[in-house]
Amino acid sequence: MPAPDFSAMLRWPNVPACYGWLSLDRRGHWRLRGEVLGHAGLNDFLNRQYAHDEDGCYFVQNGPQRVFVELEYTPWVLRLGATDRLETHTGEDVSEIRGATLDNEGNLLIEIPEGIALLCDRDLPALRDCLRLPDGEPADDTSVLAIIAQPVPDLTVLTLDWAGQHVPVASIRRSEVPGRYGFVPSPRAATG
């Protein structure tokens with residue numbers, strides 16, 4: 001993924017950051033003040049300029065200004081592309097899966113080199129058969145529901161088999177996801 005352009009910060013180093021305007025929803029759509037952005041050029045710009053700071057706050061670099069992003073869930077959203085490939089909401093192909101987790105709400109989270117990503121709910125049924133039991137058979141509803149209902153997050157018996165990769169599936173509570181994966185879902189300006 002290309003790095004954002006930070007050159008304007010050298011010319012104008014003291015432009016205040018912007019909070020509360022831009023968000024990323026759980027389907028990977030950019031939203032400005034709650035409204036989905038449909039302009040292709042603007043979406044491409046946001047995708048190119050998307051980054052994070054050392055504290056795990058995600059932002060879009062807009063010239064000299066950082067526009068911090070409210071995350072509805074995770075900093076990355078994955079979708080199933082037309083060629084049966086996973087891609088990030090920024091349009092990058094995913095070639096490596098580092099881990100998988102089911103949360104207590106039934107969401108599938110996939111760890112990629114960029115960080116933790118939520119699989120778009122529209123694509124969950126298509127990947128459902130990629131969740132496998134120890135005998136290699138696709139996981140049935142009973143197995144998946146038992147994992148979702150686990151009172152204590154832990155490693156499960158499932159694996160995610162995708163594109164020749166076989167990764168164990170863990171369980172987690174949704175409330176623990178930001179802390180475990182080191183991101184700030186709702187960045188705020190420092191006070192005091």
Q | Among 37-43, 96-102, the order from most to least packed when residues are scored by Cβ within 10 Å on average | A | 96-102, 37-43
Q.
Can you give me the distance in nm between label points at Ser186 and Arg27, each placed 7 Å from the Cα along the Cα-to-Cβ direction?
A. 2.3
**Q.** Length added when fully stretched, Arg85-Ala146, from 0.36 nm per residue minus Cα-Cα
**A.** 19.1 nm
Q: List the residues whose amide H sits under 5 Å from the amide H of Leu78, counting only those 5 or more places along or on another chain, with H placed 1.01 Å from N in the peptide plane.
A: Leu118, Leu119, Cys120
(Q) For the ranges 47-60, 166-179, 107-120, what's the packing order if you count other beta-carbon atoms within 10 Å of each residue, average per peptide, and put the highest first? (A) 107-120, 47-60, 166-179
**Q.** Beta bridges per DSSP with both ends in the chain, % antiparallel, nearest 5
**A.** 75
Q: Describe numerically, in nm with one decimal, the distance between label points set 7 Å from Cα along Cα→Cβ at Ser95 and at Ser175.
A: 4.0
Q | Evaluated over region 14-68, the Cα radius of gyration and Dmax, each in Å | A | 11.0, 34
(Q) Give me the one-decimal nm value for the distance between modelled label points at Arg122 and Asp53, 7 Å along each residue's Cα-to-Cβ direction. (A) 3.3
Q) Which whole-number percent is the relative contact order of region 7-71 (Cα, under 8 Å, 6+ apart)? A) 42
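Just to be sure I understand: of the beta bridges DSSP finds with both ends in region 76-179, what percent are antiparallel, rounded to 5?
Numbers: 20 of 27 bridges.
Taking every DSSP beta bridge within region 76-179, about 75 percent pair in antiparallel fashion.
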Q.
Taking the Cα centroid of region 108-141 and of region 74-107, what is the distance between the two, rounded to the nearest whole Å?
A. 9
Q) Expressed as a whole percentage, what fraction of the accessible surface of region 7-71 belongs to carbon and sulfur atoms when a 1.4 Å probe is rolled over the protein heavy atoms? A) 54
Q) Fully extended, how many nm does the chain gain between Val15 and His166 (0.36 nm per residue separation, minus their Cα-Cα distance)? A) 49.8 nm
**Q.** Accessible-area composition of region 76-179, carbon plus sulfur, in percent [1.4 Å probe]
**A.** 49
Q. When the convex hull of the C-alpha atoms of region 76-179 is computed, what volume per residue in Å³ does it have?
A. 97
Q | Per residue value of the accessible surface for region 76-179 (all protein chains in place, 1.4 Å probe), Å² | A | 48
Q | Stretchable slack from Glu137 to Gln65, in nm (0.36 nm times residue separation minus alpha-carbon distance) | A | 20.9 nm
**Q.** Computed over the chain, the ratio Rg/Rh where both radii use C-alpha atoms and Rh is Kirkwood
**A.** 1.01
**Q.** Accessible surface, per residue, of region 7-71 when the full set of protein chains is kept, probe 1.4 Å, Å²
**A.** 55
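The values are calculated or read from the model by the stated rules, or taken from the named source; none is laboratory data. Keep in mind that what you see is a predicted model, and the values were worked out from it rather than measured. A quick note on method: Cβ atoms are made from the backbone with ideal geometry, for glycine too, and the neighbour counts reach across all protein chains shown. Just the protein is used for accessible areas: all its heavy atoms, side chains included, with ligands, DNA and RNA removed. Shrake-Rupley method; radii C 1.70, N 1.55, O 1.52, S 1.80 Å.
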